[in-house]
Amino acid sequence: MMRLAAFQRIVRQYADIADFLVVYIEEAHPSDGWVSTDAPFQIPKHRCLEDRLRAAQLMLSEVPGSNIVVDNMDNSSNAAYGAYFERLYIVRDEQVVYQGGRGPEGYRISELRNWLEEYRNNELHSAVLHV
C-alpha cells in the first residue's frame, strides 16, 4: 500500500505508452497472521473471494481510478508470476519483457521507470515520418 503513490506517478507519467494493471493477491501481512506494525489497514487473511474483494476495495480507495483485478482463491496469478509479496512486470505482445525482483527488497519502481523511459526513447527514435 505504501508504494502505491510512487506506482501511481509512473502510471500517470507513462499512460501514453503503457496500460497498467494491479493484481491484488493474498494478503502478505494479515492481521490474524504475520502482522506488520506499519500497515495502514488491518486486513485479516482472506477466507473467501468476497474477503479479497473487500480488501481490494480498500486499495482502490487509496488510488482511485486504478485498474485493479483480484487473484482467485487458488492464487493462480500469484503462483504463475511468483509475485508474493509484490512484483513488477511488463508484458508486451504476450511476452514478459521485464520482471522485477520479489518485494519488498526487490521491488524497485526506479527500474520500471528506467525501462519505460528507454522504451519511450527508442520508440521516438525509431518512428518513421512520411512527409
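Remark on segment 1-125: hydrodynamic radius 15.6 angstrom, per the Kirkwood mean of 1/r across alpha carbon pairs.
Solvent exposure of segment 1-125, expressed per residue, is 65 Å² of accessible area, with all protein chains present and a 1.4 angstrom probe. In a DSSP loop and with at most 14 other Cβ atoms within 10 Å, the GluC sites (Glu not before Pro) in segment 43-96 are 94. With a ≥ b ≥ c taken as the square roots of the eigenvalues of the C-alpha gyration tensor of segment 53-94, please select rounded if a/c is under 1.5 and otherwise prolate if a/b is larger than b/c or oblate if it is not? Taking the square roots of the gyration eigenvalues as a ≥ b ≥ c, segment 53-94 is oblate. Karplus-based coupling profile of segment 54-62, in residue order and whole Hz: 4, 5, 5, 4, 4, 4, 4, 5, 7, with θ = phi - 60° in 6.51 cos²θ - 1.76 cosθ + 1.60 and x standing for Gly or Pro. Put simply, the convex hull of the Cα atoms in segment 68-131 casts, on average, a shadow of 6.0 nm². About the centre of its Cα atoms, segment 1-125 shows a dipole size close to 220 debye [charges on the beta carbon of Lys, Arg (+1) and Asp, Glu (-1) only; nearest 20 debye].
Annotation: amide H of residue 70 within the under-5 Å range of 24, sequence separation 5 or more or interchain, hydrogens built in the peptide plane.
The values are calculated or read from the model by the stated rules, or taken from the named source; none is laboratory data. In this text the structure is predicted, and so the values were computed from the model without any measurement. We place every Cβ from the backbone using ideal geometry, glycine too, and count neighbours over all the protein chains shown. Heavy atoms of the whole protein, side chains included, go into the accessibility calculation; ligands, DNA and RNA do not. Shrake-Rupley method; radii C 1.70, N 1.55, O 1.52, S 1.80 Å.
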